[in-house]
Structure formats: structure tokens, C-alpha cells
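One structure below.
The values are calculated or read from the model by the stated rules, or taken from the named source; none is laboratory data. In this text the structure is predicted, and so the values were computed from the model without any measurement. Neighbour counts run over all protein chains shown; Cβ positions are idealised from the backbone, glycine included. Just so you know, the surface numbers come from the protein's heavy atoms only, side chains and all, with ligands and any DNA or RNA stripped out. Shrake-Rupley method; radii C 1.70, N 1.55, O 1.52, S 1.80 Å.
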There are 2 protein chains.
Amino acid sequence: MTTSLPASARDQKPASPLGLHRVLDPLGVLPQAAWRLDPDPAIASDEVRVRVDRLNLDAASYRQLRETYAGDTDKIRHAVLEIIATRGKMQNPVTGSGGMLTGTVEEVGPASPLGLKPGQRIATLVSLTLTPLVITDSLYRWDTKSEQVPCEGHAILFARSIAAVLPDDLPVPLSLAVMDVCGAPALTSRVVHEGAVVAIIGAAGKSGSLSAAAARQAGARSIIGVVPAQSEAALLHESAGLVDHIVIADARDPVGLAEKVKEAGGPADVTVVCVDATGCEGGAILSTAQGGTVIFFSMATSFSAAALGAEGLAADVTMLIGNGYVPGHAEFALDLIRATPSVRALFGRRLTA
Amino acid sequence: MTTSLPASARDQKPASPLGLHRVLDPLGVLPQAAWRLDPDPAIASDEVRVRVDRLNLDAASYRQLRETYAGDTDKIRHAVLEIIATRGKMQNPVTGSGGMLTGTVEEVGPASPLGLKPGQRIATLVSLTLTPLVITDSLYRWDTKSEQVPCEGHAILFARSIAAVLPDDLPVPLSLAVMDVCGAPALTSRVVHEGAVVAIIGAAGKSGSLSAAAARQAGARSIIGVVPAQSEAALLHESAGLVDHIVIADARDPVGLAEKVKEAGGPADVTVVCVDATGCEGGAILSTAQGGTVIFFSMATSFSAAALGAEGLAADVTMLIGNGYVPGHAEFALDLIRATPSVRALFGRRLTA
């Protein structure tokens, strides 16, 4: 009888690839917008259950928790447990943000399209804000001094969730850092064509350096790496061959940035914005050739500043909102880091810093 | 001597296509970001001087002025004159917004690329926030009861400004209403391919109906018009042939919207968002087929909601920031309205409402 119960529950559940059947309150909204999800361990035929070993809390959520409870370990643990028990997911009600998790695949429904197998070590690439979750170990191993939360419990992946198998040949922190920004190089690779001049704003960062490597692989003729300071330029200098020209400029100064990009061989056919600073829209647009494309990956991008900025400059540029999801993006980015020692070294320096 | 002065001033001015030479304070920023511009009537060789007859203040700016001065005509006139005299442009310092103007071309520099001729009646399609302006008539004809400001004075267009000749065969209010949204149909026309299924969210509005007409002309196989209420659906019903399917749905409800679009023949290859409501990103993404494109024209679009929403839904969609400028956009939209009686009738009903 006990073994038949999950199977029976499984059969009865109407599975939605988006996880709508897991939404308890309010009914009918998407899991991310829901107040409460059903984290029942019995999976539908297209779901996957993961044995969780670590949560990686979003930086904003972790900061809010530490500040609210003045760093008190017991209170922070209790707050996180309370959120997960109440909501069936780890979504900080104040910041609205979640994070990601790592774990081991435990059970795979026969209709799951994710291609996972029991025993595989994975990371989720969809947010914790939409992932059904139960924690069973009281978080006793978490000292709350970092947003990395060792834990025990389970999580559910839907048919349309995104997860990536952690590779054996790379350290887990490196893989997680790469996966965190893997949408940028994948979309850059789609947009950059053979012979293009590419400007990467924030080229010494994680998404910027991977995007530069992707642009090179896609056949860019010239890559202009823009950085805000000499220290970042030094990182690029050490990464031989990653970019062709290094430009030190304030990306918030449209005229100054565009002039320096021009001196370095611009304007660019494709400009990739990877810096988390506000006010970079005009500079990116002005550094891009008429008929070119700007890809905005920075979450600090203002939609209206970009739209009105292009109009005000009479700039005929295609402006893309950097979608964090491109099929195969994690594998693509991991392959890039394997194939590009300079980027791997740059990630290494950033991870130890 | 007096006639040689403007020519001499003209020769000495280092002309910038973006108007940087007109920026007085702070030096080096773009005209839109400047506190003060130089509205000297002497033009550089690539500039155009326009005899202004009407300002069309941005709605937000006009509302702020009316509310601040409690509708007092003298005070509102004085405030606008003061802004223009101080800043050399009509940019409301509180709202940051401007508007557009109409006037008659007075002098065209020999190197101007805008293709204008003296005597032509034009409308500017770049914002007043970056247009050097002088008012000479104290605005005595403006009753301040509308954002339409009859006036006398002059304005300067740069090489990279955008202006459109007001056509003789269409009423001026209709032409201005069409030009106000002309970026949307032009970009829609670029993106829609032969045989595409297109969903227009806000199809009964100005930009929405023109975008529907543009999609039809570009060879769309099926056009799904989404509207929020029965009254808007009635407008579409009267516009025979503009769309193939009419869907009444709340665009802020992702699941509900996507289901209704699906019932009408979706998901869409191209979804065009033309409603000025917040929270429409998820619904637009979910109504679009994998590999499809979403064009966001609404200024209420949240960059992060779009980027994170697509990732959370594992949606492989291209997301475009609707650029208000596409070369030839005004002529394209005016031709559309001439060729599409149903859209012209719809504009007519909206303008008289």
C-alpha cells in the first residue's frame, strides 16, 4: 500500500509543463507569482524530484535576512525555514527574489523532457521563486555567514524547468559561476555574425568575458573590450587574445564612450552591455553603427531610457532584452570555459578574490 | 555688416550631427541631458531653422504645469516661457519630458541631410527636450486649456534630428496622431515575415491598429487582436479585415491571455505589445511560440520583468525594445493610413472622442 500511494497521486495529478498544478494560492497564477506552492514529493509523469544538498540564496535576499536579524544565526535559520514551510518555495517575501539550488536527481517521471537520470548531480537554472521545496534538516549545518546554504530536503522540477548537470571535470564553484551568466554568451553567439566588430561593455566581468569568447568563436573580426578602470584593464591584458582593443571609459558618458569605441575601430556592429550600472543605454546606442544591434544583459537597464534614447539619437539599432534562457546555454558556456584558458583564468581570479 | 554676421557665426561653429556644439551647460553631454542649450538662430552648415507655430507639450509635462499652478493661465504661460528662456529648450525640469512641435522650414544649411526645403510645413519627431527653441510672442494666444500651444518663435534641427513633412492630403491632427506612434508599424513590418501568426496586444489603439495593418501588409497569415474590454472589441469589429480574431483578455494575466490566444490560433510567431499597462510581460512571452519574437512598444514595460519572466518560463523568444526610430517610419505610417480605410476610421473615432 505504501509504495502505491505516490504512483496513485502521480496518476491523478493534471501536469502542467509550467507547474500550474502545484499552485495552491492564489489559484491560476504562475508559480513565480504564487504565494504558496504544493511541494508534495509525489511527482507527476513529466516532473523530476531532486534531493537537495545546497541552496544558493540570491544576494539581495541574503542581505535582507542578515540585516533584519542583525546576523543572529538562529533567527536567520528560523526565518528561512519559516518562509519555505509557509510558501512551499524559497522566495523572500520582502525582496521577492530566490536563488538556485544544487542536488542529486532522485526520481524522473517517464514523460519528463529534461533528459535527466537518477543519480546525476545538477544545478537548477530556474529561480527558487518558482521551485517547490521542502527542507528536512533544520539547516543545522548552515552557519549563515554565507548565502550558500548546505541542507537536506527535496525540490520538484517541471517539464519546462531548466537544470544542468554539473560536469565532473570542473570545480563546482566554477561551474555555478559560469551557469549563473550562461544566457549572455549563448545569445551573443546567436547575434554576432562572421566579420562583425563587437564592443563588450564590462568585458572583464563574468558575463562580459564569456560573451567576448562567444563573439570570437562566432567569427567576430574585432572585439573591443570596454572597462571602467585600469585594474579591470589589467585583467583583460592578462587574458591574452580575449579582446583586440581595451578601452577604459565611463559607460555612463555617451559621447566619451562612443568616441573611444570609435578610436578603437568602432562603431560596433554588435554592442553587448554587461555592466550592472544605470545610465549606460545612451552610450551603448551611440557606440553602435546604424543597422547594428545592442544586447542589454544588465538588469540595471531602463526600458524607457533605451527606447527614448535611440529615438532621440535617430539611431536605427535593434535593441534586445537579454533573455537568460537559450536552449543549451549551460553546456555552451561550460564548453567555452573549457576551450578558452584566458576566460577560465579570469573566472579563477574572480572566484578567489 | 548685419547680414554677414549669421554667415560668419555659421562658418565658425563646429557642427556636430547630434547637436553637441549647441550644449552650453554642462559641456560635453548630449543635448537631451543638458541643462541649457544655445538656441542661436544662426545655423551651422548641416542645421535647419524652423519658424515654429505650435508646441505639443508632453501629457505628463502639461499635467504637472496645470496642477502646480492650479490652472492659472498667466502663471502657466509664464512658467513655460521661463523654462524656454532659461534652458533654450522646452524640457519640464520636474517631469524631464518635452513634446513635439510643428512649423515651417525657414532656412536649410547646404550640408543638411534631412532633405527639407524652405516653406515646407513639418512636425519634429525628436523630442523638444533636445531641440533648441526661442519663443517670441509671449504665448498670448494660448489659453492653457490644452497641451497644444499656438506660438511664434524658432527652433533648430541638427543633422541627426528627425522631422516629417506634414502631408497636404490629410488633416494635421490625424497626421500628428499617426506620426506620434509611427515607430511601431515600421518595426512590426520589419519583424513580421510571410505566413506568420501575429498577436497584437492593444489592437484597437493607435499604435496597435497601425501595427496590425503593417503586419497584414507584411504577409501575416493570421492576426489576433487582443483588447481588454467589449467596447474595444466593438471598435475592432467595425474595422473589417484589420484582424482575423478578436480576443478579450486581461493582458496582465499570463495564463488566461496565453490560453485565449491559443484558442484563437496561437501561440504567435510575433507578439506586439501596445498597451500602456504594467505587468504584461509574462502574458506576452507565454503567448509567443518558442523561437518567436516579442516587440515591446509600451513605455510601461519592465526590463527585468521581461528578462526574468522569459527565463522563468524557459521561453526561447527574442525580445525587442521598441525603438521609436526606423528610417522612413513617418512616411510608412502615413501611407498605411491612406491605404487602410478601417484604421483611418478608427483614428477618426479616437480623435473625435
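Filter the range B:25-56 down to residues that are basic (Lys, Arg) and over 12 Å from B:Gly109 (Cβ atoms) and give me whichever is farthest from the chain's Cα centre (by Cα).
B:Arg36
Each residue in the range A:23-41 was checked for being closer than 22 Å to A:Ala164 by Cα and out of contact with any Ser or Thr (no Cβ under 7 Å at 6 or more places or on another chain), and 3 of them qualify.
For A:Asp53, work out the one condition from (1) open to solvent by 70 Å² or more (accessible area, probe 1.4 Å); (2) touching a Ser or Thr at 6+ places or on another chain (Cβ under 9 Å); (3) over 27 Å from B:Gly282 (Cβ atoms) it doesn't fulfil. (1) is the only condition that A:Asp53 fails. Annotation: of all residues in the range B:109-129 being outside any loop (DSSP other than H, G, I, E, B) and under 13 Å from B:Ala163 (Cα atoms), the one that is farthest from the other protein chains (Cβ to nearest Cβ) is B:Arg121.
Of the residues making up the range B:93-107, those that are more than 18 Å from the chain's Cα centre (by Cα) and either assigned to a loop (DSSP other than H, G, I, E, B) or free of Cβ contacts under 8 Å to residues at least 40 places away in the same chain (or both) are B:Pro93, B:Val94. Can you find a residue in the range A:75-94 that is more than 20 Å from A:Arg22 (Cα to Cα) and among the polar types (S, T, N, Q)? Among the residues of the range A:75-94, not one is more than 20 Å from A:Arg22 (Cα to Cα) and among the polar types (S, T, N, Q), which makes the answer no.
Do we find that B:Ala218 is touching a residue at least 60 places away in the same chain (Cβ under 8 Å) and either surrounded by 21 or more Cβ atoms within 10 Å (Cβ to Cβ) or in contact with a Ser or Thr (Cβ under 9 Å, 6 or more places away or on another chain) (or both) in this structure? For B:Ala218, the condition - touching a residue at least 60 places away in the same chain (Cβ under 8 Å) and either surrounded by 21 or more Cβ atoms within 10 Å (Cβ to Cβ) or in contact with a Ser or Thr (Cβ under 9 Å, 6 or more places away or on another chain) (or both) - is not met. One residue stands out among those in the range A:147-161 that are in a loop (DSSP other than H, G, I, E, B) and either modelled with pLDDT of 95 or more or more than 13 Å from A:Tyr62 (Cα to Cα) (or both): the one that is most open to solvent (accessible area, probe 1.4 Å), which is A:Arg160. Being closer than 15 Å to A:Asp53 by Cα, charged (D, E, K, R), without any contact (Cβ under 8 Å) to a residue 24 or more places away in the chain and surrounded by fewer than 22 Cβ atoms within 10 Å (Cβ to Cβ), is that true of even one residue in the range A:139-146? Yes: the range A:139-146 contains one or more residues that are closer than 15 Å to A:Asp53 by Cα, charged (D, E, K, R), without any contact (Cβ under 8 Å) to a residue 24 or more places away in the chain and surrounded by fewer than 22 Cβ atoms within 10 Å (Cβ to Cβ).
Applying a threshold of 6 Å to beta carbon distances and a minimum spacing of six or more residues, or different chains, the list of pairs starting in the range B:289-317 at a residue that is more than 7 Å from every other protein chain (Cβ to nearest Cβ) and ending at one that is in a helix (DSSP H, G or I) and acidic (Asp, Glu) reads B:Ala305/B:Glu281; B:Gly309/B:Glu281. Within this structure, B:Ala204 fails the test of being in a helix (DSSP H, G or I) and aliphatic (A, V, I, L, M).
Please go through (1) in contact with an Asp or Glu (Cβ under 8 Å, 6 or more places away or on another chain); (2) open to solvent by 10 Å² or more (accessible area, probe 1.4 Å) for A:Leu130 and return the number of the only condition it doesn't satisfy. A:Leu130 satisfies all of (1) in contact with an Asp or Glu (Cβ under 8 Å, 6 or more places away or on another chain); (2) open to solvent by 10 Å² or more (accessible area, probe 1.4 Å) except (1).
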